[in-house]
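Colleague: Before I ask anything, let me first share the structure, which is written out below as structure tokens.
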Amino acid sequence: MAPALHVIAGPGPGQLATMAHPADEPWSPQELSALARAGVQVLVSSAAPGPDTAGIEVVPFPASAASPKEMQHEAKQVVALAIRLAREVRAGRFVVTQSATDNGRSTLLATMTLALLGIRPGEALRRTAPGGGIAPDWLHDFVATHG
């Protein structure tokens, strides 16, 4: 079964996509093999991979924070991850962020990555979350600080 990837138009040479996958279900070897056949090289996921990742580099998504202090640490980790993903896309790699139905963190990460790749905030939001769900003011502040 082919993976259901939402490939996001970007400046390349690599690709950026999001993919739905339950956060509490580990990745099966079949799922990872299908992603590898689709060309995926880096997968950001909160779900645990098995021992065989089919050659895909699986990067853990920072855990959701519970306290304000943990939230600040999580935010720094997500910014660092977006910077890394932008570097990976610039290097020509195919990057996928796993999304779960809980909170839109994957979409936020993809939007931040696009902004770091030079896509204007409003356009980055349109490409990753056509129905909304991310506060534009926050993204504009992020770009002003990190762009």
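Colleague: Sort the following peptides by mean Cβ neighbour count (other Cβ atoms within 10 Å, averaged over residues), highest first: 26-34, 39-47. Each step should come with its number before you reach the end.
Modeller: Details: 26-34: 15.8, 39-47: 20.8.
Ranking, from highest mean packing down: 39-47, 26-34.
Colleague: Still on this model: With the contact rule set at Cα under 8 Å and sequence spacing of 6 or more, what percent relative contact order holds for segment 1-122? Present the calculation step by step, with values, prior to reporting the outcome.
Modeller: Values: 210 pairs, mean separation 40.5, N = 122.
Relative contact order here is 33 percent.
Colleague: Let me ask something else. Could you sort 82-92, 51-61 so that the peptide with the highest average Cβ count within 10 Å comes first and the rest follow in order? Write out the running numbers ahead of the final one.
Modeller: On the way: 82-92: 18.2, 51-61: 15.2.
Packing proxy ranking, top to bottom: 82-92, 51-61.
Colleague: Mind ordering 70-81, 110-121 by average Cβ neighbours within 10 Å, highest first? Don't skip to the end; give the middle numbers.
Modeller: Numbers: 70-81: 13.9, 110-121: 22.8.
Highest to lowest by the protection proxy: 110-121, 70-81.
Taken together, the values in this text are just the output of simple stated rules run on the coordinates, not laboratory data. What you are looking at is a predicted structure, and each value in this text was computed from that prediction instead of being measured. Every residue, glycine as well, gets a Cβ built from its backbone with ideal geometry; the counts of neighbours run over all protein chains shown.
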